[in-house]
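Encoded as structure tokens, the structure appears first; notes follow it.
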Amino acid sequence: MKSKSFCLQINTQVAPEFIDITDWVCNCVKESSVINGFVVVYSRHTTASVRINENEPLLLKDMAAFLERISPRAGEYHHNNFDIRTVNMTPDESPNGHAHLQHLILGTSETIPLIDGTMQFGRYQSIFFIELDCPRPREVMVQIVGE
């Protein structure tokens, strides 16, 4: 059994932003020399997600609209009340309650089976890193485990 890890640095531009990282993950698999096992793609952030879905422009617009409907950026969130909030505050704190709640729905990672050196995607599946908060530097971790 072997394991290989990779880290991708991303500078996001807007939110929400759907960044297709499929090709990068495929290159990680090739470099790992793991043939059979699994690939974990993981966001190191509580306001950015990793999801598998179809990379179709109108669908991406629909997904952005869906996220806004379930947790609107302009909604009222206790997390955004900096007059009463005292935990995990930073000098550049962002009013990002909406992004945390969207992340709650989307999640942090995806796991993809690896068979004969190929990730087992369905016909239209792509891996997305999804920015939910605001433009900033981000990190995506990939770990490939197998033989």
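Read-outs: derived from the displayed coordinates by stated rules, not from any lab. Computed from a predicted structure; not experimentally measured. Cβ atoms come from the backbone with ideal geometry, glycine included; neighbour counts cover every protein chain shown.
Details
- Among the residues of segment 121-147, the one identified as touching a Pro at 6+ places or on another chain (Cβ under 7 Å), in a strand (DSSP E or B) and not acidic (Asp, Glu) is ILE130.
- Yes/no for ASP133 being touching a residue at least 60 places away in the same chain (Cβ under 8 Å) and on the phi > 0 side of the Ramachandran plot: no
- Restricting attention to segment 56-90 and to residues that are acidic (Asp, Glu) and under 19 Å from the mean Cα position of the chain (by Cα), the residue that is farthest from ALA15 (Cα to Cα) turns out to be GLU56.
- Sole exception among (1) more than 22 Å from ARG138 (Cβ to Cβ); (2) surrounded by 13 or more Cβ atoms within 10 Å (Cβ to Cβ) for THR108, by number: (1)
- Near pairs, Cβ below 9 angstrom, 6+ apart or cross-chain, from segment 67-81 (within 14 Å of HIS100 (Cβ to Cβ) and touching a residue at least 60 places away in the same chain (Cβ under 8 Å)) to any residue that is part of a loop (DSSP other than H, G, I, E, B) and of a type in the set (A, V, I, L, M): LEU67/LEU132
- Residue count for segment 4-15 satisfying the condition of being of a type outside the set (A, V, I, L, M), in contact with an Asp or Glu (Cβ under 6 Å, 6 or more places away or on another chain) and crowded, with 16+ Cβ neighbours inside 10 Å: 1.
Table: residues versus (1) farther than 25 Å from THR111 by Cα; (2) of a type in the set (Ser, Thr, Tyr); (3) out of contact with any helix residue (DSSP H, G or I) (no Cβ under 7 Å at 6 or more places or on another chain); (4) not in a helix (DSSP H, G or I).
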{"site": "PHE18", "(1), (2), (3), (4)": "no, no, no, yes"}
{"site": "GLU31", "(1), (2), (3), (4)": "no, no, yes, no"}
{"site": "MET63", "(1), (2), (3), (4)": "no, no, yes, no"}
{"site": "ASP83", "(1), (2), (3), (4)": "yes, no, yes, yes"}
